[in-house]
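Beneath this line is the structure, given in structure tokens, with notes to follow.
The values are calculated or read from the model by the stated rules, or taken from the named source; none is laboratory data. Keep in mind it's a predicted model, so treat the numbers as computed, not measured. We place every Cβ from the backbone using ideal geometry, glycine too, and count neighbours over all the protein chains shown. Accessible surface is based on the protein model in full, side chains and every heavy atom, while ligands, DNA and RNA are left aside. Shrake-Rupley method; radii C 1.70, N 1.55, O 1.52, S 1.80 Å.
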Amino acid sequence: MSNASTNTSKKTDEVAIQLNGVHKWYGQFHVLKNINLNVQRGERIVICGPSGSGKSTLIRCINRLEEHQQGDIIVDNIELTGNLKNIDAIRREVGMCFQHFNLFPHLSVLENCTLAPIWVRKMPKKEAEEIAMHYLERVKIPDQAAKFPGQLSGGQQQRVAIARSLCMNPRIMLFDEPTSALDPEMIAEVLDTMIELAETGMTMLCVTHEMGFARKVADRVIFMDGGEIIEQNEPEEFFNNPQSERTQKFLSQILAH
Amino acid sequence: MSVTEQQYAPGEHPDLPPPLGEAGLIAWFKKRLFSSVGNTILTLVAVFFLYHVLSAIIFWTLTGATFTGETKADCDLGGACWLVIGDRFHQFMYGLYPTDQYWRPNLTFILMVVAIVPVLFDNIPHRGKFLLFSAIFPFIAFYLLSGGWGLETVDTDEWGGLLLTLVLGVTGIVASLPIGIVLALGRRSNMPIVRTLCVCFIEFIRGVPLITILFMASNMLPLFLPEGVNFDKLLRALIGVALFSSAYMAEVIRGGLQAIPKGQYEGADAMGLSYWQSMRLIILPQALRIVIPGIVNTFIGLYKDTTLVSIIGLFDLIGIGLVAVADVKWRGLAPETYAFIALLFFISCFAMSRYSLWLENKLHTGHKR
């Protein structure tokens, strides 16, 4: 593959996230079934699978937006339990971008970015603003800093959301279908931002159906179906030589267009 | 095309005058009021009724009304007899407050304006310092109005009229918003005890008429209190009014909280904000903005409901009005009295309503489509 050369892996041996035998139920519905997953620091993982396969739930468990009922999740050597201190500590280290951006509409772009550094990290306002402007420049929208999210396009909003997460200087970034709510031309600008982020060596877990992105930056692609990890492999192998039948079927469906 | 047609760059064409017969006052009348036979008839009928109603109102309030004189006998023009208002004006304003102490409610009123303005408008200079004053104003007002420490003590029984209405209304408004917020958050809490307490409180208070609460506060509460412990009747009414409106306020605010998408909570959580931080910085600013009309509605309702205290023997505007109407000297002047009271209420309520509209526009940041 020609673009395999862009895949400059920054993966290390240190473990960033560890999931051991994680189960989750919504009432009777068994969403996550015995998930075992180790993520190395600097590793970029793309999770794909049909809708309802539990991939969003999986990454939402990592920062406790969802509670798992069985098994262990260890993030940055902190075990995720009911302990609020641990949850807060993990959330400080883990950034997250959502499908619908979840920007705060009553705050300006700059205020969106400085809010958590000021209130959670107790950073002086001026310093927080400098950092925010630095990251807004990195996502290429410093000129929109004074605007409100409602005045931006979807792609711009998602880039603000990425900048907002980066302002907390996270060690891990989670992306929950960051491009699913965007028009095609905006998908490109968001993916470019994410690729740049990947090149800095950020540990990334990304739920997405953007297979071009997966080929380009992922160290590992995980395929989920029915709440289970069906298959995981390097992108090259994953796309060219899928092992299970379900993976083959899924790939043939999404790559057909 | 005519030869004189001039070429302009796009967007440079000067505005043309509107076509004749489609602009100006006459055209407006023609188009809006007399566009067909039916509309012409409706217009004429409406004008006829408006003329009769308005002329009657103007006659009664102004042209046929008596403004100067001494007694009811001077009112012989057929319209309103405003003398009763002038005669009892001080009572309408201050109730039975000692005449030589009127400067105290006056000063309190001026200070109240100074205290309220920085709360209402965020673009005034040195707002922070003024807000500090707003925070200590209630204590200043209490000292000024009730006295002690060098000032002559004025019993709350002597407070009355607009003074009492404002004390009740403003205290109720200021107290009901924070209590309402706490109750609304409590009702959505994950903690069963907190939630149950809030639900019980809200449902109990909302299920009972305000007049019942006031009666209970003024007549029943003393029965339950130990011998010798007795607190002020006005204070009891104030607590009753504040609790009553905070229950309504809680439900209004809960409506706003429910309108906030789950994503906002998740966004705040994912960034590591604590519960109180995310409520204060993310959820409540948005929720309260959504329900501004409902909040102001409750405020206006509360302000007008304070008139019910006249039934438990406090002389608010209505209480003073009842006394004025019962005066032998001014017998039969109830319409004038109540019209004057209505005007005073209308001014306050209309101001609140306009402020809420202004605030809604100001807080609109383009996220509503």
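Could you tell me the center-to-center distance, by alpha carbons, between region A:94-156 and region B:302-369 in angstrom? Their Cα centres are 45 Å away from one another. Could you pull out the pairs from A:LYS122/A:LYS147; A:LYS10/A:LYS216; A:LYS11/A:LYS216; B:LYS304/B:LYS329; A:LYS126/A:LYS147 whose alpha carbons sit more than 21 Å apart here? Where the Cα-Cα span goes over 21 Å, the pairs concerned are A:LYS122/A:LYS147; B:LYS304/B:LYS329. Around A:GLN40, with a cut-off of 11 angstrom between Cβ atoms, what is the net charge of the other residues, counting Lys and Arg +1 and Asp and Glu -1? Result for the neighbourhood of A:GLN40: +1. Scalar couplings 3J(HN,Hα) for region B:342-355, obtained by applying the Karplus form with A = 6.51, B = -1.76, C = 1.60 to θ = phi - 60°, are 4, 4, 4, 5, 4, 4, 5, 5, 5, 4, 4, 4, 5, 4 Hz; x denotes Gly and Pro.
Highest GNM mean-square fluctuation among A:ASN240, A:ASN20, A:ASN63, for chain A modelled with Cα contacts below 10 Å: A:ASN240.
Working note: Karplus 6.51/-1.76/1.60 with θ = phi - 60° gives region A:41-48 the couplings 5, x, 7, 10, 10, 10, 10, 10 Hz, where Gly and Pro are set to x. Here the relative contact order of chain B, from alpha carbon pairs under 8 Å that lie six or more residues apart, stands at 17 percent. May I ask what percent, to the nearest 5, of DSSP beta bridges between residues of the protein assembly as shown are antiparallel? Rounded to the nearest five, the antiparallel share is 55 percent. Counting protein heavy atoms only and a 1.4 angstrom probe, how many square angstrom of accessible surface do chains B and A bury in total, to the nearest 100? About 2000 Å² of accessible surface is lost on pairing. When cysteine pairs in chain B are screened for C-beta atoms closer than 4.7 angstrom, the residues that find no partner are B:CYS198, B:CYS200, B:CYS349. Against the criterion of solvent-accessible heavy-atom surface with a 1.4 angstrom probe, A:THR57, B:THR99 sort, most first, into B:THR99, A:THR57. In this structure, the amide hydrogen of A:ILE45, modeled 1.01 Å from its nitrogen in the peptide plane, lies closer than 5 angstrom to those of A:MET204, A:LEU205, A:CYS206, A:ASP219, counting only residues at least 5 positions away or on a different chain. For region A:15-255, the solvent-accessible area with a 1.4 angstrom probe is 40 square angstrom per residue. 3J(HN,Hα) couplings calculated from phi for region B:130-136 with the Karplus curve 6.51 cos²θ - 1.76 cosθ + 1.60 (θ = phi - 60°) are, in sequence order, 5, 5, 4, 5, 4, 5, 8 Hz; Gly and Pro show x. With a 1.4 Å probe and all protein chains left in place, how much of the accessible area of region A:15-255 comes from carbon and sulfur atoms, in whole percent? Carbon and sulfur atoms account for 46 percent of the accessible area of region A:15-255. Computed over region B:194-312, relative contact order equals 31 percent, with contacts defined as Cα pairs under 8 Å that lie 6+ residues apart. Comparing mean-square fluctuations of B:PHE48, B:PHE345, B:PHE130 from a GNM of chain B with C-alpha springs under 10 Å, the top value falls on B:PHE48.
Only alpha carbons enter this Debye calculation for chain A, each as an equal point scatterer, and the log10 of I(q)/I(0) it gives at q = 0.08, 0.10 Å⁻¹ is -0.31, -0.49.
Counting only residues 5 or more places away or on other chains, whose amide H sits under 5 Å from the amide H of A:CYS97 once H atoms are built in the peptide plane? Under 5 Å from the amide H of A:CYS97 lie the amide H atoms of A:LEU174, A:PHE175, A:ASP176, each far enough along the sequence or on another chain. Within the set of other residues whose C-beta is less than 12 Å from the C-beta of B:GLY69, count the net charge using Lys and Arg as +1 and Asp and Glu as -1. Net charge around B:GLY69: -3. Put the Cα centre of region B:149-180 next to the Cα centre of region B:102-144 and the gap is 14 Å. Scattering from region A:123-218 was approximated by placing one identical point on each alpha carbon and applying the Debye formula without solvent; log10 I(q)/I(0) at 0.11, 0.20 1/Å stands at -0.31, -1.02. Remark: mean inter-chain Cβ contacts per residue of A:98-111 equal 5, using a 10 Å Cβ-Cβ cutoff to other protein chain atoms.
Mean-square fluctuations from a GNM of chain B, with a 10 angstrom spring cutoff on Cα atoms, peak among B:VAL309, B:VAL241, B:VAL208 at B:VAL208.
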